[in-house]
Every structure is written in C-alpha cells, then in structure tokens.
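The values are calculated or read from the model by the stated rules, or taken from the named source; none is laboratory data. The shown structure was predicted, so the numbers you read here are calculated from the model rather than taken from an experiment. Note that we place each Cβ from the backbone using ideal geometry, even for glycine, and neighbour counts take in every protein chain shown.
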Amino acid sequence: MTAKAHDTPTAAAALAEHQPIIVRRRLLERAWRELRRAPLSAWFGIIVILIYMFAAIFAPVIAPYSETDTLGGPYEPWSDVYLLGTDQLGHDMLSRLIYGARNTIGIAVLTTVLSFVLGGMLGLAAAVLGGWVDQILGRAVDVLMAIPVLIFALVLLSILGPGILNMILVLAVLDSTRVFRLTRAVAMSVVVLDFVEAAKLQGEKLGWIMTREVLPNILPPLVAEFGLRFCFVFLTISALSFLGLGIQPPTADWGSMVRDNATLINYGDITPLLPAGAIALLTVAVNFVVDWFLHKTSGLRE
C-alpha cells in the first residue's frame with residue numbers, strides 16, 4: 001500500500017519538531033562558554049551556592065541525626081559521636097547546622113520570590129498605567145520605606161506574633177517596596193518606546209504589555225536585584241531569629257543557633273561562630289555571582 005503524501009513528514013515539519021531542542025542546546029553551549037570565562041570569584045560563589053543547595057535539599061540524608069533529637073547533655077564538646085558538639089538542649093550541632101541551611105535558605109528564597117511578585121507587578125503597573133495609579137502606589141511605598149525594615153518588622157511581628165508564615169508575609173511586603181522602586185524606574189524607560197506604544201494602540205491588555213513587552217527588556221537588572229534582595233532578606237531573617245522573633249524552636253535556624261550558644265564563646269569554644277560563618281559565607285558567595293552577572297549584562301569588557 002502506497003503511503004499518502006500527507007502521512008510523510010516533510011523536512012520543514014522535522015525541522016520544526018527539533019527546533020526547541022536545537023535552541024536549548026545552543027543556550028546551554030552559550031551558558032557554558034560564559035561560565036568558562038567567569039572570574040575565580042564568580043566560580044567560588046557558584047560552587048558555594050551549589051554546596052549550600054545540596055545540603056538544603058538532602059539534609060535528611062546528610063545529617064547524622066534529626067534536628068529535634070535530644071541526644072546528650074547540654075554543651076557537650078566536639079567528639080567522634082558529636083562532631084561539632086551539642087547545643088544548650090543536647091541537640092547535635094552538626095545536624096542542626098545542616099537542617100538550618102534548608103530552613104533559613106528555603107524561607108529566604110520563598111520570601112524573596114513573593115516580594116518580587118508583589119513589588120514587580122505593582123512596579124510594572126505603575127510604569128505602564130502612570131497617572132493616579134502611579135501616584136497612589138508611589139506614595140504608599142514612600143510611607144513604608146520611611147521606617148527601617150528591621151524596626152518595622154520587629155514591630156509588626158510583635159503585634160502579629162512570631163511564626164514562619166507571619167515573618168514571610170511581613171518581610172515580603174516590606175521588601176517589595178525596594179523591588180517596586182527598581183522595577184518602576186527601569187520600566188519607565190521602556191514604556192515610552194515605540195513597540196510598547198504600538199501594543200497599546202493595538203488594544204493589547206495590561207497583562208500582555210507588562211509581561212510580554214516590558215518585562216523581557218528589564219530582566220537583567222531585576223535578576224541581579226533578586227540576588228541582592230535575597231542577601232538582605234537572608235540576613236534579616238537571621239537577625240530576627242537572633243532576636244527571638246524569627247524562626248521558632250525546635251526548627252533549626254542559624255540566627256537562633258548563634259543566640260542560643262553564644263555563651264560558649266566565653267569559654268573559648270568557636271561553635272557559635274559556625275552558623276554565623278555559614279551566614280557570612282553564603283552572603284559573600286551570592287554577592288560574587290551578582291557582581292559577575294551585573295558585569296556581563298552591563299556590556300562592559302575587561
């Protein structure tokens with residue numbers, strides 16, 4: 001039986017079918033070329049971030065004990081059984097340090113994403129719509145930014161009560177004001193371009209203009225700002241936990257681990273410095289990667 005003409009795939013159809021694979025391969029090749037030319041500081045940051053991500057994802061497999069298991073006496077020294085000793089309640093410090101990566105980083109990422117969704121969409125709307133919408137949103141953001149974030153967060157969490165959900169919502173709303181400012185500023189230079197005006201004249205909806213016309217053209221500064229805002233949120237969460245209004249026990253958190261075991265420093269024990277060092281190392285690593293990304297997207301060359 002002779003095959004019909006329309007049953008035989010044409011060369012154009014085969015090419016269209018493999019086009020997404022070709023595009024992805026080219027993107028991967030381009031990304032690898034850029035990584036190979038990255039400075040040592042960027043490579044250091046990427047490797048550190050990957051190690052932290054691995055520890056956060058596989059914490060139950062890596063950690064020798066659970067984060068809530070009471071195993072020995074309080075403040076036991078480093079030994080073969082407890083590699084980093086125990087805390088004030090007899091929890092294994094190494095296990096809580098590993099679980100702290102999952103809790104602290106996971107909450108920081110979730111908070112940063114939520115702040116970017118809120119602040120980014122409102123910033124785009126203010127830039128595209130302008131007029132009274134821009135004025136109302138701008139003045140509301142000015143009011144929120146008039147008070148330092150940490151002080152405002154402490155007041156709100158004292159009213160609402162400590163807890164992970166309250167902390168995420170409070171920090172996301174407060175941090176979204178910075179995202180709003182940046183998004184509006186970079187979007188204002190795009191909304192006046194011809195292709196955006198043409199989309200408005202064609203009757204495109206607000207969501208289409210914001211996500212398809214404006215957003216792709218302002219992504220590089222927003223991606224870089226995401227890294228910086230993650231660092232600020234990460235440090236704020238640790239500070240709130242250190243002050244007792246952040247992540248609550250028995251959930252492991254680096255900020256509260258520093259506070260609970262700070263008394264060991266008086267006896268020459270560096271154990272409380274380990275979670276503090278973990279906080280500092282991740283902050284430096286993210287800043288290294290953000291600096292490299294800003295350099296690449298700015299168009300500057302060595």
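Some points to look at:
- Members of the stretch 137-162 that are farther than 15 Å from THR177 by Cα, surrounded by 15 or more Cβ atoms within 10 Å (Cβ to Cβ) and in contact (Cβ under 8 Å) with a residue 40 or more places away in the chain: LEU154, LEU157, PRO162
- The single residue among ILE279, ILE218 that is over 24 Å from ASP92 (Cα atoms), β-branched (Val, Ile, Thr) and at pLDDT 85 or above turns out to be ILE218.
- GLU34 among the acidic types (Asp, Glu), out of contact with any Cys (no Cβ under 7 Å at 6 or more places or on another chain), assigned to a helix (DSSP H, G or I) and at pLDDT 65 or above: yes
- Inside the stretch 155-190, residues that are out of contact with any helix residue (DSSP H, G or I) (no Cβ under 7 Å at 6 or more places or on another chain) and either in a loop (DSSP other than H, G, I, E, B) or farther than 30 Å from PRO216 by Cα (or both) make up a count of 8.
- Number of the condition not met by SER256 [criteria: (1) part of a loop (DSSP other than H, G, I, E, B); (2) at pLDDT 85 or above]: (1)
- Listed by first and then second residue, the pairs with beta-carbon distance under 8 Å, at least 6 apart or on different chains, first residue in the stretch 213-238 and closer than 24 Å to LEU157 by Cβ, second aliphatic (A, V, I, L, M) and not in a helix (DSSP H, G or I), are ILE237/ILE247.
- Looking across the stretch 58-77, just one residue is in contact with a helix residue (DSSP H, G or I) (Cβ under 7 Å, 6 or more places away or on another chain), closer than 22 Å to GLN248 by Cα and outside any loop (DSSP other than H, G, I, E, B), and that is ALA59.
- Residue match in the stretch 215-235 (condition: of a type in the set (D, E, K, R), surrounded by fewer than 21 Cβ atoms within 10 Å (Cβ to Cβ) and at negative phi): no
- Single unsatisfied condition, THR211 versus (1) surrounded by fewer than 22 Cβ atoms within 10 Å (Cβ to Cβ); (2) more than 13 Å from LEU124 (Cα to Cα); (3) of a type in the set (Ser, Thr, Tyr): (2)
- Any chance PHE180 is in contact (Cβ under 8 Å) with a residue 60 or more places away in the chain and either of a type outside the set (A, V, I, L, M) or surrounded by 14 or more Cβ atoms within 10 Å (Cβ to Cβ) (or both): yes
- Of the residues in the stretch 110-127, none is exposed (fewer than 15 other Cβ atoms within 10 Å of the Cβ), in a loop (DSSP other than H, G, I, E, B) and out of contact with any His (no Cβ under 8 Å at 6 or more places or on another chain).
- Single unsatisfied condition, GLY244 versus (1) at pLDDT below 85; (2) touching an Asp or Glu at 6+ places or on another chain (Cβ under 6 Å): (2)
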